[in-house]
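Structure record follows, encoded as structure tokens.
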Amino acid sequence: MSGLGRLAAVDVAALQESWDRQQEGYMPDREERFGAMLDAVAATAGPGPVRLLDLAGGTGSITLRALRRFPAVEATVLDLDPALLAIAEATFAEPSHAEPSHAGPSDAEPGRTGRVAVVAADLSAAGWVDALPRREYDAVLTATALHWLPGERVSGLYGEIRQLLRPGGIFVNVDHIPDDGLPTLTKQLLAAEETVRNARYAAGAALSWARWWEHLATIEELAPLVARRHEIYPTGHAAEFTPSLAWHVDALRAAGYSEAGVLWRGGPDAAVAGVR
Ligand SMILES: C[S@@+](CC[C@H](N)C(=O)[O-])C[C@H]1O[C@@H](n2cnc3c(N)ncnc32)[C@H](O)[C@@H]1O
């Protein structure tokens, strides 16, 4: 059943909103990160629709923002989590996103077009590319996700992503990427963030990761998908790999990107970018 069919009675926009609040609990500057990524896409985009791969995209947060920002977008949201994918499917099954060359939502500017494919695939093996509806993208963007994979897999993935980019296309990974010159300060920043986060939870301003999933499991249509999700990720996170900035830049260079460096930094997190 399509995501729209399965979640027809669910307030999907409210779930998108609560996902954003939950993620902002960990990353108060999350919108700034997405803005930096999309600035890079805008600077490198050609005249046609922006062909975007939202990698480990969850509910499709990056794609939603790209649809608001660019006049024409052809996006693929890829993830492994059945519950998040169902929310993404229901979100983008709206006619404004599902149909090629369809005008945007009724309150959007006329002439906007958006087409979004939502696909399930596991990035922990090279075969994930077979799930993609196309083999050439202007940009591959990923947020707060690749630290779930082991290091040797991330290096391989960087090469596989490069193969999907047109010449001049960009890959951006924003994640927990500390500056190796600041080990003590990084720990202090993380501790300070945790204090603020716990105060927000105590005040009821946002749900924690665990509470958000508990909430999702109370929604009848999503409960079986949440159960499946917990089978896929029995420990919550598959792995916690957070090497330094230098590691990422070296891995991008080794994967053959013509340029590799830092696009954005905020405390212990950063966006690394590679240009094909
Ligand atoms: C913290 S969420 C971030 C989602 C989205 N990028 C965002 O910023 O809202 C991390 C995502 O990585 C996905 N993920 C982790 N391991 C994966 C894998 N092996 N294959 C595909 N997706 C994976 C998870 O399912 C989850 O949706």
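General observations
- Complete set of residues in the stretch 5-42 that are polar (S, T, N, Q) and within 19 Å of Gly114 (Cβ to Cβ): Gln16
- Top-ranked residue in the stretch 40-62 [being more than 12 Å from the ligand (Cβ to nearest atom) and under 16 Å from the mean Cα position of the chain (by Cα); ranked as nearest to Ile177 (Cα to Cα)]: Ala40
- Residue within the stretch 80-93 that is modelled with pLDDT under 95 and exposed (fewer than 15 other Cβ atoms within 10 Å of the Cβ) present: no
- Residue in the stretch 266-273 that is over 17 Å from the mean Cα position of the chain (by Cα), at pLDDT 95 or above and of a type in the set (D, E, K, R) present: no
- Evaluation of Met37 against (1) of a type in the set (A, V, I, L, M); (2) within 11 Å of the ligand (Cβ to nearest atom); (3) more than 28 Å from Pro167 (Cα to Cα) (one fails), failing number: (3)
- Search result, residues across the stretch 43-90 that are among the aliphatic types (A, V, I, L, M), under 18 Å from Arg112 (Cα atoms) and part of a loop (DSSP other than H, G, I, E, B): Ala45
- Among the numbered conditions (1) exposed (fewer than 14 other Cβ atoms within 10 Å of the Cβ); (2) in contact with a strand residue (DSSP E or B) (Cβ under 8 Å, 6 or more places away or on another chain), the only one that Ala203 does not meet is (2).
- Residue that is nearest to the ligand (Cβ to nearest atom) [pool: residues in the stretch 1-12 that are in a helix (DSSP H, G or I) and at pLDDT below 95]: Gly3
- Among the residues examined, Ala260 qualifies as of a type outside the set (S, T, N, Q) and either within 30 Å of Pro133 (Cβ to Cβ) or part of a strand (DSSP E or B) (or both).
- Exclusive hit being without any contact (Cβ under 8 Å) to a residue 12 or more places away in the chain, surrounded by 12 or more Cβ atoms within 10 Å (Cβ to Cβ) and within 23 Å of Ser124 (Cα to Cα), set Ala255, Ala227, Ala271: Ala227
- Segments classed as strands (runs of 3 or more DSSP E), wholly inside the stretch 109-195, with at least 1 members that are farther than 23 Å from Thr59 by Cβ, at pLDDT 95 or above and away from the ligand (no atom under 12 Å from the Cβ): 165-176
The values are calculated or read from the model by the stated rules, or taken from the named source; none is laboratory data. Computed from a prediction, not measured in an experiment: that's the story for all the values here. Virtual Cβ from ideal backbone geometry, glycine too; neighbours counted across all protein chains shown.
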